Amino acid sequence: MLGFSVTAVDFCQPLLDELHTKAGALPIVTVRSDILNYPAWTGRHPALIVCMGDTLTHLPDLAEAEDLARQCFRELDAGGRLVLTLRDYSREPDGALVVIPVEREEDRIFLCRLEYRTGSVTVEDILYSRRRGIWERTAGEYTKIRIAPDKILTGAGFGIEYSAVNTGMITVIARKGA
């Protein structure tokens, strides 16, 4: 143990339960809440806030992402860092429609169809499953917002220490000045 305490915020109770089980005696506090419910997780003044995966792109709109960045800036100790990762939807590919093969197995094919719009991307998850020799298709659709994280972070007062795009994922490390 390195002496750090952790607060994990998520609205998914089974995920928080799994973390709690695996944490053992480590000082990890779980908070079941939406990250936009600031009173549920503020007041701790951490040295580091981490938001990984594609969480930010699932926020309702760009204004909510900007507000979250400002809240993280207020919450962090002086010199604290915010680490973000998210899917890079900033550059629209040729044509407004993209189909990405996500996974392929003998009896399962998972595709992701992206339709770029101004400020957002419509995502359709498409799953083909073969059962008893018959292929079935299921699909679900949702919208993600397009974010330029460097812009929202500097707008919130952060300095950017690191920013890179690797295999379609943006990683940013931002620092709150002393």
* Of T57, T21, T42, the one that fluctuates the most in a GNM where the chain has Cα springs shorter than 10 Å -> T21
* **Structure-derived Cα extents along the principal axes in Å - corresponding label in (1) 59, 41, 26; (2) 42, 37, 33; (3) 54, 50, 22** => (1)
* Structure fact -> Which of P60, P46, P14 fluctuates most in a GNM of the chain (C-alpha springs under 10 Å)? That residue is P14
* If you count the DSSP beta bridges with both ends in the chain, what percent of them are antiparallel, to the nearest 5? -> 85
* Structure fact -> Which of A65, A164, A47 fluctuates most in a GNM of the chain (C-alpha springs under 10 Å)? That residue is A164
* **the range 88-178: GluC sites (Glu not before Pro) falling in loop per DSSP and having at most 11 other Cβ within 10 Å** => E106
* To do: For the chain, calculate the relative contact order in percent as a whole number, restricting contacts to Cα pairs under 8 Å that are 6 or more residues apart.
  => 20
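Where a number appears in this text, it was derived from the coordinates with a stated rule and is not lab data. Everything quoted here is computed from the prediction, not taken from an experiment. FYI the Cβ positions are ideal-geometry reconstructions off the backbone, even for glycines, and counts take in every protein chain you see.
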